[in-house]
Structures are given as C-alpha cells and as structure tokens.
Amino acid sequence: MSIALNHTIVNVRDKRASADFFTELFGLPEAKPFGSYFLSVELDNGVTLDFCDADYEVEKQHYAFLVSEPEFDRIFDRIRARKLDHWADPRKSQKGEINRHDGGRGVYFDEPGGHFLEIITIPYGGWKK
C-alpha cells in the first residue's frame, strides 16, 4: 500500500476570495463546491485544497508547491502583475527577490487569508522524483 496526501482543509476568513486568488494565480480550474462548507481546488497530483470559512482568528500556515520551470514563470509573472509583495526567504528579509536553492528557483508570498505560500522548482535537498 502506498500512502499519499488526499486533501487538506485550509481555514480562511473568506473561502471564495482565497480559492479565487489561488486558482487565478496558479492558473487552475475554478474551485468546486464540496457540500455546503468547502470550495475544493484540485491540484495536478489529485490532492485537493478544501477552503473553508472560519469564524475565528485562523492560525497562519505555510503551503509550498512544487512547480515546473514554465509554471514558475507564469505564476511569478502573475505575482508581479498584481504587485504582490514577495520574498526569497521565509523570514521576509529579502523582499522583491527569488531564491535559487538547490539549482532551482523559489519565492514566498501571502494569500488573502494570511497563509504563506511558496513555489519552488526543485524540492529542498535537490532531489527530483
């Protein structure tokens, strides 16, 4: 038996705003309602991010996404077109830059719900599947 992540719930203040931001920035199909509580965004590997409205102060999380070099270019172009703050590091000390860890590229940015997103082209440690 193999073990794989199937879905995770992403609690936010406004599930529509966060799901729309995510699908538009990443160039993914529109989120689909799942029951009355969730807006589900399916990633290419079958994992879904299930955005859910929270009526409490949400603890900010970090979500990192492995993307191809062309996808990085498209997403990063959208980040710049929207004039989103972005950083090369998780401490937010290298504003307006990207990193080149392990021979790839990476960048961090916030989504409307306050979660900290990251896109990378090579997994940390330099391994590829």
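What follows draws every value from the coordinates through simple rules; no lab data is involved. Computed from a predicted model, the values in this text were never measured in an experiment. Note that we place each Cβ from the backbone using ideal geometry, even for glycine, and neighbour counts take in every protein chain shown.
Values for this structure:
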{"item": "Options Leu28, Leu66: the member that is of a type outside the set (S, T, N, Q), within 15 Å of the chain's Cα centre (by Cα) and over 15 Å from Leu117 (Cα atoms)", "result": "Leu28"}
{"item": "Residues satisfying the stated conditions in the stretch 36-63, i.e. within 13 Å of the chain's Cα centre (by Cα) and in a strand (DSSP E or B)", "result": "Val41, Glu42, Thr48, Leu49, Asp50, Phe51, His62, Tyr63"}
{"item": "Residue in the stretch 31-41 that is of a type in the set (A, V, I, L, M, F, W, C) and under 23 Å from Pro90 (Cα atoms) present", "result": "no"}
{"item": "Test: Leu5 is touching a residue at least 24 places away in the same chain (Cβ under 8 Å) and either in a loop (DSSP other than H, G, I, E, B) or of a type in the set (S, T, N, Q) (or both)", "result": "yes"}
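Residue-wise test of (1) of a type in the set (A, V, I, L, M, F, W, C); (2) under 22 Å from Asp14 (Cα atoms); (3) in a loop (DSSP other than H, G, I, E, B); (4) without any contact (Cβ under 8 Å) to a residue 60 or more places away in the chain.
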residue	(1), (2), (3), (4)
Lys83	no, yes, yes, yes
Asp89	no, no, yes, yes
Val107	yes, no, no, yes
Pro112	no, yes, yes, no
Ile119	yes, no, no, yes
Ile122	yes, no, yes, yes
Gly125	no, no, yes, yes
